[in-house]
Amino acid sequence: MEVVIAKTQVEVAKRCADICCTLIKKKPNAVLGLATGTTPLPVYKELIQRHRADEVSFRQVTTFNLDEYLGLAPDHPRSYRTFMNENFFEHIDIDIENTNLPDGNAENPLKAGPEYEERLREAGGIDLQILGIGTNGHIGFNEPTSSLGSRTRLKTLTEITVRDNKRFFKSEEFQPRLVITMGIKTILEAKRILLLATGSRKAQAIADAVEGPLSAMCPASSLQMHPNVSVIVDNAAAAKLQLKEYYLWVLSHQDYLLERFGDPR
Ligand code: GLP
């Protein structure tokens, strides 16, 4: 995997936004896979700014989010649909009809997964998937021991994840334990993947994902099997990487390689 160690959270966001904008320029009707959580927020801010500066248009873009809470209606203030509308979609020129999240309000949640997979197939699959990572190594809401062959489905959250995400809910508020999440196999079908992490809380999960054994105990380690992943982290999240110096060494050759051979992607 390509490991990019950026100096700051802002640089992580800028690098990720650069890759999104280059893709959209090349393919205006690109399909983006999007994530919620705190980590991608600076990316959305950066993309909104670039849109306002007329540098990128999302008019033809389609998006698919990784996951949604079960039992929260789309207009619920804590639903991931509301999170995406407020933090990104309302500020860009995307057609809201082209923004997709799993149906957390489905009458039959067992059908919501296969239906989402069908929508994804019809859209032609994801060109670029943005991922965050849980402190326990989850991607989307694929908790440790999720099948590496899993598809979009109902999942029960671990107590760690419920605790980590408590900050988004008021103390008296109902916090769902059940979710619908893209599966690991679904995620691995994206053409390109960017795994983002910032802050020291993510250092162990990043070390496990990049350098640990391939194991369902760290769902993000499944990304080792994907041929086109960039792990973009700040210094704090990179702190536990054993080969940190090597990744920086590789990065220092990048300009030379780009100049000589162009971007293979
Ligand atoms: C949530 C989301 C994940 C996200 C992770 C990390 O549970 N389902 O997609 O990557 O937690 O969140 P944060 O970026 O807030 O640390």
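The values are calculated or read from the model by the stated rules, or taken from the named source; none is laboratory data. Values in this document were obtained by computation on a predicted structure and should not be read as measured data. All Cβ positions, even for glycine, are placed from backbone atoms using ideal geometry, and neighbour counts span all protein chains on display.
Report, by residue number, each residue of region 39-64 that is among the β-branched types (Val, Ile, Thr), farther than 30 Å from Ala203 by Cβ and assigned to a loop (DSSP other than H, G, I, E, B).
Passing the criteria: Val56, Val61.
Return the only residue of Leu47, Leu110, Leu120, Leu70 being aliphatic (A, V, I, L, M) and surrounded by fewer than 19 Cβ atoms within 10 Å (Cβ to Cβ).
Result of the check over Leu47, Leu110, Leu120, Leu70: Leu110.
If you scan region 18-43, which residues turn out to be surrounded by 21 or more Cβ atoms within 10 Å (Cβ to Cβ) and either modelled with pLDDT under 95 or within 16 Å of the ligand (Cβ to nearest atom) (or both)?
Matches in region 18-43: Leu32, Gly33, Leu34, Ala35, Thr36, Thr39, Pro40, Val43.
Looking at the structure I just gave you, is Ile133 buried (at least 24 other Cβ atoms within 10 Å of the Cβ), away from the ligand (no atom under 11 Å from the Cβ), at pLDDT 95 or above and in a loop (DSSP other than H, G, I, E, B)?
Against the criterion (buried (at least 24 other Cβ atoms within 10 Å of the Cβ), away from the ligand (no atom under 11 Å from the Cβ), at pLDDT 95 or above and in a loop (DSSP other than H, G, I, E, B)), Ile133 does not qualify.
In the set Ala190, Ala216, Ala239, Ala205, which member is within 12 Å of the ligand (Cβ to nearest atom), modelled with pLDDT of 95 or more and either assigned to a loop (DSSP other than H, G, I, E, B) or out of contact with any His (no Cβ under 7 Å at 6 or more places or on another chain) (or both)?
Ala205
When residues of region 161-187 are filtered for being within 12 Å of the ligand (Cβ to nearest atom), hydrophobic (A, V, I, L, M, F, W, C) and over 21 Å from Pro42 (Cα atoms), how many remain?
Residues flagged as within 12 Å of the ligand (Cβ to nearest atom), hydrophobic (A, V, I, L, M, F, W, C) and over 21 Å from Pro42 (Cα atoms) within region 161-187 amount to 5.
Being out of contact with any helix residue (DSSP H, G or I) (no Cβ under 8 Å at 6 or more places or on another chain) and closer than 16 Å to Arg167 by Cα is the filter; apply it to region 65-80 and report the residue that is nearest to the ligand (Cβ to nearest atom).
Tyr80
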